[in-house]
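Undergrad: I'd like to ask some things about the structure below.
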Amino acid sequence: MTEGIVLRDERADTSPIVSDEVKYTTCYMCACRCGIKVHLKDNQIRYIEGNPDHPVNKGVLCAKGSAGIMQQNSPAKLQKPLLRVGERGEGKFKEIEWEEALDLAAGWLQDVRSDDPSKLAFFTGRDQSQSFTGWWAKQYGTRNFAAHGGFCSVNMAAAGLYSIGGSFWEFGEPDWDHTKYFMMFGVAEDHDSNPIKMGLGKLKTREDAKFVSINPVRSGYSAIADEWIGITPGADGLFVMAIIHELLAAEKIDWDYLKRYTNASWLVIQAEGDAADGLFARNATGTTLIATATGELLPHSDRKADPVLVGTYTLPSGKKAVPAFQLMAERYLEDTYAPEAVAERVGIKADTIRRIAAEIADVAFEQEITLDIPWTDWAGRPQEKMTGRPVSMHAMRGISAHSNGFHTCRAIHLLQMLIGTIDVPGGFRHKPPFPKPCPPGPTPAGKETAANTPLNGMPLGFPKGPEDLLVDEAGNPKRIDKAYSWEYPLSAHGLMHSVIHNAWAGDPAEIDVLFMYMSNMGWNSTMNVPDTIRYLTDKKPDGSYKIPRFIYSDAYHSETVAFADLVLPDTTYLERWDCISLLDRPISSAHGAADAIRQPVVALDRDVRPFQDVMLDLGVKLNLPGFAAEDGSAIYPGGYSDYMVNHERTPDVGPLAGWRGEDGSGQGRGGANRAQLDAYIENGCFWEKKFTPEQSYYKFANKSYLEEAVHMGWLAMPSPVVMEIYSETMQKFRLAARGFGDRQPPDHLRDRVETFFDPLPLWYAPFADEDKGEGFPLHAVTQRPMHMYHSWGSQNAWLRQITARNPLFIHADTAAASGITDGDWLWVSSPYGKVKAQAKLMRGVNPHTVWTWNAIGKRKGAWNLKEDAPEVTKGFLLNHIISELLPPREDGYRYSNSDPVTGQAAWYDLRVSIEKCDAADFGETEPMFEAQGAAGLPEPTELLRYGANLKGEASHLDPVPMKDWIGNRKENAGKKSGIKPGHGNQIDGDSEKEKE
Amino acid sequence: MHPAKSVIFFTTASGAGYGLLALLIAGNIFGLIPAQFWLAFIGYAVSYVLITGGLLSSTFHLGHPERAWRALTQWRSSWLSREGVMAILTFIPTGLYALHQLFFPEMMQGIMGLLGVVGVICAIVTVYCTAMIYASLKPIHAWSNNYVPAGYLLLALMSGLLLLNSLLALWGFATASLQLVTLLVLGVALGWKITYWRFLDSSKSISTPESATGLGEFGAVKLFEAPHTEANYLMKEMGFKIARKHSAKLRLITLLAGFIAPILLIILGLFLGTVGSGVLMMLAVISAAIGLVTERWLFFAEARHTVGLYYGAPHA
Amino acid sequence: MTSLPTTPSKKKLGLVIDLDICVGCHACAVNCKEWNTGGHSAPLTDTDPYGADPTGVWFNRIHSFEVENEDTGGRTVHFPKSCLHCDDAPCVTVCPTGASYKREEDGIVLVNADHCIGCKLCSWACPYGAREYDEDAGVMKKCTLCVDKIYNPNLPEESRVPACVSTCPVGARSFGDLGDPDSDVSKLVAKRSGYDLMPEQECKPTNKYLPPRPKKLGNDAPPPELAPVADSSAGVIARWVDKFLSA
Ligand SMILES: Nc1nc2c(c(=O)[nH]1)N[C@H]1C(S)=C(S)[C@@H](COP(=O)(O)OP(=O)(O)OC[C@H]3O[C@@H](n4cnc5c(=O)[nH]c(N)nc54)[C@H](O)[C@@H]3O)O[C@H]1N2
Ligand SMILES: Nc1nc2c(c(=O)[nH]1)N[C@H]1C(S)=C(S)[C@@H](COP(=O)(O)OP(=O)(O)OC[C@H]3O[C@@H](n4cnc5c(=O)[nH]c(N)nc54)[C@H](O)[C@@H]3O)O[C@H]1N2
Ligand code: SF4
Ligand code: SF4
Ligand code: SF4
Ligand code: SF4
Ligand code: SF4
Ligand SMILES: [Mo]
């Protein structure tokens, strides 16, 4: 009776003190980079909430972001640098001091650099400092650098950049405020996590908009779609081409848009057997030509010319030429693209395809929208209004993670161009620094490398023709991942998924040091877990490892840590400086440019260091130019925050665009400003420059925007970005395959290049369908859970309570046909192996498709989870049965399981069969790998009482009136006063209601 | 519903205790039980041990037993509170009556008789309150019906009678008439139990997955994903599931041990005469105890809570 | 001393949840846990957090349902659920200690952790599964409607909203006074035919759910079918040659 005898006490403390301090920074529970406010109390995190002023998330926070406390509290945080003492994979380490770790790493790296810097393969994973790590690789002198894009979504990036000068991924967004018809292809979550959700909320609560989701699975976003189209995987290209067929046949196309902003009118030489066949006709100065209605041939840049899109013309050379549009139209008007012809493979009724085409046409051409915003085009011609065809599209890994993803994505862009809906009101909008010139920017460096010598450019770039490939005389790859080779010529992000295999196989060459950062390549981000483990642990006859040295930087006890020789432990995102820069993956929106920083908000309590600081230190130890001064001293002695402020990539352009110049008034350009970080912190750790209404659309041809872009350093010249329905770059590769030019593919690759370098979007069955479709009747894909970020969510005490195991989801009818019921254990087999999983029946899934949540399964001992955790015993990865290689060609050679244009990993090509296990085998997943060691981690707690000591004291301030909050849009609540548009239409003090 | 041992023991034991207590008092008032000190003493002792043991065990499942006194405060709205209050109140008249009967049987007989009647009523009301804790829970279809209070009262009476009979038999006071009454009550209780199970098997909650989600107008509602892949408190506490096979077996045990065996044993006793029937009555009590504990276990285990509708149960 | 307020408050604070746009992201559930684990009911204990059977106290959980319908096809509906702050809250009336109570001033249903004996009866009485037993603390906990946030003068105005509401990325959650027919939330409910969960349980929940809206399958007012402008593909191109070149 310690409480005293109070019978009822109905007073709750409504005004406790919440925090001693609130610090702003940027979330990194995923790559979306939302702004957060971190409430601190007694040096602990009391609460993390969204920053309402932040351009990305406007105050909202997703499940992952909300669980940041538990990431910080994770028992899987690495504690100290680790040196391997056991065998690779066992996870037996000794803790060492940082000096020893850095000296070791620098020693290994120096040896390599003085010999052949290309023997270092430096690959970073889900990285947001790629402009920094890429620059490090350049200064070091290795061409073998890339980040995770090659296995993630380079198909989207490349198809976009080579077609429209920008791309889906997170580099563009639908015009959420105006679009009336939104088509989403193959998206479960995406990088624009919160912006997409906010956008869907807006769109769905408008009466005049329709949301169509094309996805084999009806979960997440597809669940709230007005129409769900349960497509069979890998067939989107056909679906889109059938829509194009319908639109062309009915002449529902935006002629003007095509003429003005795309290369539809450019004349393409038609001269079979000629070196110029399929290239654009050009005049003496190299400008491409168009034809007018009178048959006159003019340079496309002629401001007064009105080009035609059809007809056959004779060039001065006597060769024939037709507008690119005609070639395109001829292809897709063919009966092979008629809805009836594709319906079965696509898994959608012909009627539905036809109706969707009609709906698109109706919205695009009958429901055009006009904004009263005058603007001036690139040629100085004033335009009174901004008109838009309010059909918008977004696509991501459902498209990109197939071996036909590049062309499928290009087909979607083609459809957008045909109806004139790119960067117009209601359409898809670029985010700065996009649009970029098309075809895109610098070519990859690293044709030649030399000891102790930096590269002459950045290792990643965009080839514009065979001359830009990184191949030797015989046409063989030079990079360890075979990027920019004839096998994957446009592999703009590298092929990280090939590195470990190739390094093991010594194909195309052996390496000495493998250096990886923030990528769980030993588990969920490899396409082939069992073999990757073998590659990493395999030894030469002399007992040394085939991959001699492996340095890895992780912040947590991931599966990959167990394989490293040297582990460089990183901090958490709340403990370090970071830079979210316009030079790599900025946080811009269609409304303006933005970048951001992270600042340390909690003190370090263990002996770990920010990776970027470590790279700066290594740069100094290796005496790399840009890192070490002449006298060997550090150029950025203050570490990464010093670099963020003082580094200039080109004069006056540095990692951060805000508050540049001595007085801090520079935006985009200006010298270093010592007070720059303070200015960022003051502003909530981000900088944003909004566009004027005039700059907001038609950016590819908008004078005001183009000039701004030049000023900001995004474009070199204010010339328009012409979008490409027809890709001459592709044709150049094809011509090389046909025997033209001095750089040609080796004979064994000619057919491959000829086939896949079609200048127009093409559809072919994903390779796995062709090779292994038989016997493996089902498609198998994964989806990202919205509340988990790949592997790293499972160490989070809160998030893992939501999903601690993953079943294999199957259509109830498909399951019934195999006698499978809910909860049964199954063998899921592919040509490459089998994995045991538990069945979960559902109806909202394409009947030919099975799927599961990504990256839930864990290796025993990893992430400091207990060995009987459901993630270990019940969770599984499809990665156990994918393969990073395709089945052998006739001569035994195996291509990477990737898109033949870009090298994008084809995760979702996977075909499987399912079979019920014997009842005796029920209960635990397989394969089951041996437990990995704990690497000096603390024992995980049995009981978590987080917050027990954070309960606020009463502040003795009087309660204040609470705030109404309408989460829905104005339109939803009825057109009435008081509810303002914007996320969560808060009822403001100035609402009509209160004025009354 | 999760069958918590402490609650099962509490309800069965206290039911039997109150049954015996009420019968002892009533028997004494109406002179139906021979006035034998040790018989009465042991009788009262047994009932108080059962009652107090039950009450104490019911506090074992509390998160804060030291605050249990607070449970006496909300008698106006809470059946649990009422039960607590009544349990304590019942001690007064019945305790006084028992003391009186044992030690001062001659004093104030009139008033004491009245007190006895009050005590009996209190005991009945307490059992009724216990029953109403369950019967007032609308979300649990198996409980929120009239069978439940009827059953609690019947089973309290039945177990009280069985206990009383065995006491009488041990003291050699067994009477055929009381045994016949016991048989009658056993029969009625058996009938009640079967009717209750029929009701349980043939009816379900008016709440459905459709009404729980409000999505019925769109079609049949089925759980796709639960909020957590592992069981949470709600599932562990309210989502307890028992296999049909399993429950059929336990129902049989309940019927055989709880009702049929005691009936047969009593009948056998009637034929064998008094000496043998003491042992038989003890056997009947033990058998009934097994049966009633099983019955109470099933009472929880078979009860489906509406919260299950949110976790994939097709009905509640 | 009966347990529901004798004079029911006119003010009925509660949530409105729009099932038409909830994408099932769990943001509201996690943000709720985050706020409340250091708030009025701190801590929201987790047991075996890194082991085989992780379970914790959550005030808000997200379910997903499939609704099947032969005619209109099925749909998937994400379904968040927390305490509905019922008018006739059985969790309050069954409570033997008075620890469970409904606030007179705004109808919020709370538990006084200092008085709760942890008998769990209220969790049996709630038809919705909105009560959360904290095994470690031995007391019942539940959604507080963020009572320590919504009136808290130590927070800026825009933060004085339940955590689950301000964090919801799609804006599927609204908050306000459902007792006032003129409030914006009440109007929203009226406009979108907001409904009660399990009305047959007669708890008179305050929180309302907005039903998913009919799918726009294009059947109601289908756009005109696209008519080919010529019989064959060659014909289509020939037509364009005519159209553009004869000018
Ligand atoms: N919460 C969370 N957010 C994340 C991540 C995370 O792990 N968790 N990861 C981030 C990363 S690295 C990436 S790359 C992005 C990816 O974001 P998403 O592109 O959303 O990635 P997935 O989850 O793979 O979703 C792919 C979707 O495509 C569908 N699909 C599969 N095959 C096909 C097909 O052939 N056609 C069509 N139309 N659909 C298909 C699948 O059913 C699935 O819904 O998300 C980022 N955001
Ligand atoms: N089956 C299947 N597999 C897939 C995919 C799929 O859709 N299906 N998606 C693929 C795609 S698109 C991607 S992008 C990959 C992603 O896969 P990964 O890139 O491997 O992503 P994670 O596993 O989340 O994280 C990588 C590592 O970063 C570490 N880390 C986290 N924070 C920090 C930090 O602050 N510093 C450092 N140094 N390390 C940190 C984590 O501990 C983890 O070990 O997965 C791929 N794998
Ligand atoms: S989407 Fe979520 S996890 Fe990603 S940055 Fe934003 S709040 Fe953090
Ligand atoms: S939802 Fe349940 S816990 Fe909340 S007030 Fe209603 S009955 Fe009580
Ligand atoms: S658990 Fe606590 S709040 Fe619930 S009924 Fe018992 S005493 Fe009341
Ligand atoms: S109102 Fe507050 S306590 Fe209730 S569910 Fe929402 S966040 Fe949790
Ligand atoms: S945060 Fe919003 S969208 Fe996400 S689950 Fe909760 S209510 Fe649904
Ligand atoms: Mo990715």
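The values are calculated or read from the model by the stated rules, or taken from the named source; none is laboratory data. Predicted model, so just to flag it, every value in this text is computed and none were measured. Here the Cβ is made from the backbone with ideal geometry for all residues, glycine too, and neighbour counts use every protein chain on show. Protein only, heavy atoms only, side chains kept; ligands, DNA and RNA dropped before computing areas. Shrake-Rupley method; radii C 1.70, N 1.55, O 1.52, S 1.80 Å.
Undergrad: Here is a check on your reading of the model: is A:Lys58 farther than 30 Å from A:Ser153 by Cβ, open to solvent by 20 Å² or more (accessible area, probe 1.4 Å) and either of a type in the set (Lys, Arg) or outside any loop (DSSP other than H, G, I, E, B) (or both)?
TA: So A:Lys58 fails the test.
Undergrad: Looking only at the range A:589-619, which residues are open to solvent by 10 Å² or more (accessible area, probe 1.4 Å) and small (Gly, Ala, Ser)?
TA: A:Ser589, A:Ala603
Undergrad: Restricting attention to the range A:452-491, report how many residues are in contact (Cβ under 8 Å) with a residue 40 or more places away in the chain, assigned to a loop (DSSP other than H, G, I, E, B) and surrounded by fewer than 18 Cβ atoms within 10 Å (Cβ to Cβ).
TA: Count: 6.
Undergrad: Inside the range B:101-122, can you point out the residues that are polar (S, T, N, Q) and open to solvent by less than 70 Å² (accessible area, probe 1.4 Å)?
TA: Matches in the range B:101-122: B:Gln101 only.
Undergrad: Also, quick follow-up: Assuming A:Leu309 fulfils every condition listed in (1) within 18 Å of A:Leu258 (Cα to Cα); (2) exposed (fewer than 15 other Cβ atoms within 10 Å of the Cβ) apart from one, which condition is it?
TA: Only one criterion in (1) within 18 Å of A:Leu258 (Cα to Cα); (2) exposed (fewer than 15 other Cβ atoms within 10 Å of the Cβ) is unmet by A:Leu309, namely (2).
Undergrad: For the range B:137-148, does any single residue satisfy the condition of being more than 25 Å from A:Asp822 (Cβ to Cβ), more than 14 Å from chain C (Cβ to nearest Cβ) and buried (at least 18 other Cβ atoms within 10 Å of the Cβ)?
TA: yes
Undergrad: So how many residues does the range B:182-229 have that are under 30 Å from C:Lys208 (Cα atoms) and among the hydroxyl-bearing types (Ser, Thr, Tyr)?
TA: Number of matching residues: 7.
Undergrad: Scan the range C:82-96 for residues that are within 14 Å of chain A (Cβ to nearest Cβ), more than 9 Å from ligand 4 (Cβ to nearest atom) and buried (at least 24 other Cβ atoms within 10 Å of the Cβ) and jot them down.
TA: The answer is C:Cys95, C:Pro96.
Undergrad: If you don't mind, another one. Give the range A:492-514 a look and list any residue that's among the small types (Gly, Ala, Ser) and not in a loop (DSSP other than H, G, I, E, B), or say none.
TA: The answer is A:Ser498, A:Ala503, A:Ala505.
Undergrad: Let me ask you something else. Would the range A:700-711 turn up any residue that is modelled with pLDDT of 95 or more and assigned to a loop (DSSP other than H, G, I, E, B)?
TA: No; the residues of the range A:700-711 include none that is modelled with pLDDT of 95 or more and assigned to a loop (DSSP other than H, G, I, E, B).
Undergrad: While we're here: Hey, could you check the range A:38-52 for residues that are more than 25 Å from the chain's Cα centre (by Cα) and in contact (Cβ under 8 Å) with a residue 40 or more places away in the chain and say which is nearest to ligand 6 (Cβ to nearest atom)?
TA: Among those that are more than 25 Å from the chain's Cα centre (by Cα) and in contact (Cβ under 8 Å) with a residue 40 or more places away in the chain, it is A:Arg46.
Undergrad: Only one residue in B:Ala87, B:Ala98 is buried (at least 19 other Cβ atoms within 10 Å of the Cβ) and more than 26 Å from A:Leu7 (Cβ to Cβ), so which one is that?
TA: Within the list B:Ala87, B:Ala98, the selection yields B:Ala98.
This table checks each residue for (1) away from ligand 2 (no atom under 16 Å from the Cβ); (2) open to solvent by 10 Å² or more (accessible area, probe 1.4 Å); (3) within 14 Å of chain C (Cβ to nearest Cβ).
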position: A:Gly875; (1), (2), (3): no, no, yes
position: A:Asn879; (1), (2), (3): no, no, no
position: A:Asn897; (1), (2), (3): no, yes, no
position: A:Pro927; (1), (2), (3): no, yes, no
position: A:Gly947; (1), (2), (3): yes, no, yes
position: A:Leu950; (1), (2), (3): yes, no, yes
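Undergrad: Let me spell it out: the conditions are (1) within 16 Å of ligand 4 (Cβ to nearest atom); (2) surrounded by 23 or more Cβ atoms within 10 Å (Cβ to Cβ), and C:Pro49 meets all of them except one. Which number is the exception?
TA: (1)
Undergrad: Could I ask something else about it? Of the residues A:Val828, A:Val835, which single one is under 30 Å from A:Met29 (Cα atoms), open to solvent by less than 10 Å² (accessible area, probe 1.4 Å) and more than 9 Å from every other protein chain (Cβ to nearest Cβ)?
TA: A:Val835
Undergrad: Can you find even one residue in the range C:159-171 that is touching a strand residue (DSSP E or B) at 6+ places or on another chain (Cβ under 7 Å) and in a strand (DSSP E or B)?
TA: Taking every residue of the range C:159-171 in turn, none turns out to be touching a strand residue (DSSP E or B) at 6+ places or on another chain (Cβ under 7 Å) and in a strand (DSSP E or B).
Undergrad: Before we move on, is B:Ala303 within 16 Å of the chain's Cα centre (by Cα), on the phi < 0 side of the Ramachandran plot and open to solvent by 30 Å² or more (accessible area, probe 1.4 Å)?
TA: No; evaluated as a whole, the condition is false for this residue.
Undergrad: Here is a follow-up. So which helices (runs of 4 or more DSSP H) are wholly in the range B:172-255 and hold at least 3 residues that are touching a helix residue (DSSP H, G or I) at 6+ places or on another chain (Cβ under 8 Å) and within 30 Å of B:Leu23 (Cβ to Cβ)?
TA: Ranges flagged: B:176-202, B:244-253.
Undergrad: A further question on this structure: Since A:Glu49 meets every condition but one in (1) more than 16 Å from ligand 7 (Cβ to nearest atom); (2) within 12 Å of chain C (Cβ to nearest Cβ); (3) of a type outside the set (Gly, Ala, Ser), which condition does it not meet?
TA: Of the numbered conditions (1) more than 16 Å from ligand 7 (Cβ to nearest atom); (2) within 12 Å of chain C (Cβ to nearest Cβ); (3) of a type outside the set (Gly, Ala, Ser), the odd one out for A:Glu49 is (1).
Let's see how each residue does on (1) charged (D, E, K, R); (2) farther than 30 Å from A:Val424 by Cβ; (3) more than 13 Å from the chain's Cα centre (by Cα):
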{"position": "A:Gly134", "(1), (2), (3)": "no, yes, yes"}
{"position": "A:Gly160", "(1), (2), (3)": "no, no, no"}
{"position": "A:Gly172", "(1), (2), (3)": "no, no, no"}
{"position": "A:Met183", "(1), (2), (3)": "no, no, yes"}
{"position": "A:Asp190", "(1), (2), (3)": "yes, no, no"}
{"position": "A:Ile196", "(1), (2), (3)": "no, no, yes"}
{"position": "A:Thr205", "(1), (2), (3)": "no, no, yes"}
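Undergrad: Are there helices (runs of 4 or more DSSP H) fully within the range A:165-255 with at least 2 residues that are surrounded by 23 or more Cβ atoms within 10 Å (Cβ to Cβ) and modelled with pLDDT under 95? List them.
TA: A:193-204
Undergrad: Restricting attention to the range C:162-180, does a residue exist that is surrounded by 16 or more Cβ atoms within 10 Å (Cβ to Cβ), more than 30 Å from A:Ser213 (Cβ to Cβ) and either of a type in the set (Gly, Ala, Ser) or without any contact (Cβ under 8 Å) to a residue 12 or more places away in the chain (or both)?
TA: Yes, the range C:162-180 contains at least one residue that is surrounded by 16 or more Cβ atoms within 10 Å (Cβ to Cβ), more than 30 Å from A:Ser213 (Cβ to Cβ) and either of a type in the set (Gly, Ala, Ser) or without any contact (Cβ under 8 Å) to a residue 12 or more places away in the chain (or both).
Undergrad: If I go through the range C:117-136 residue by residue, how many of them are over 26 Å from B:Ala212 (Cα atoms) and facing chain B (nearest Cβ under 7 Å)?
TA: Number of matching residues: 2.
Undergrad: Open to solvent by 30 Å² or more (accessible area, probe 1.4 Å), within 16 Å of ligand 1 (Cβ to nearest atom) and either of a type outside the set (Ser, Thr, Tyr) or more than 24 Å from the chain's Cα centre (by Cα) (or both): does that describe A:Asp507?
TA: no
Undergrad: Can you find, within the range C:145-158, the residue that is farthest from ligand 6 (Cβ to nearest atom) among those that are more than 7 Å from every other protein chain (Cβ to nearest Cβ) and surrounded by 24 or more Cβ atoms within 10 Å (Cβ to Cβ)?
TA: By that ranking, first place goes to C:Lys149.
Residue-by-condition table, conditions (1) without any contact (Cβ under 8 Å) to a residue 60 or more places away in the chain; (2) part of a strand (DSSP E or B); (3) away from ligand 7 (no atom under 16 Å from the Cβ):
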position	(1), (2), (3)
C:His40	no, no, yes
C:Val67	yes, yes, yes
C:Asp71	yes, no, yes
C:Pro80	no, yes, no
C:Glu104	no, no, yes
C:Ile117	yes, no, yes
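Undergrad: Can you go through C:Lys243, C:Lys204, C:Lys216 and tell me which one is facing chain A (nearest Cβ under 7 Å) and of a type outside the set (Phe, Trp, Tyr)?
TA: So the residue among C:Lys243, C:Lys204, C:Lys216 that is facing chain A (nearest Cβ under 7 Å) and of a type outside the set (Phe, Trp, Tyr) is C:Lys216.
Undergrad: If you scan the range A:473-509, which residues turn out to be farther than 23 Å from A:Ala737 by Cβ and of a type in the set (Phe, Trp, Tyr)?
TA: The one that is farther than 23 Å from A:Ala737 by Cβ and of a type in the set (Phe, Trp, Tyr): A:Trp504.
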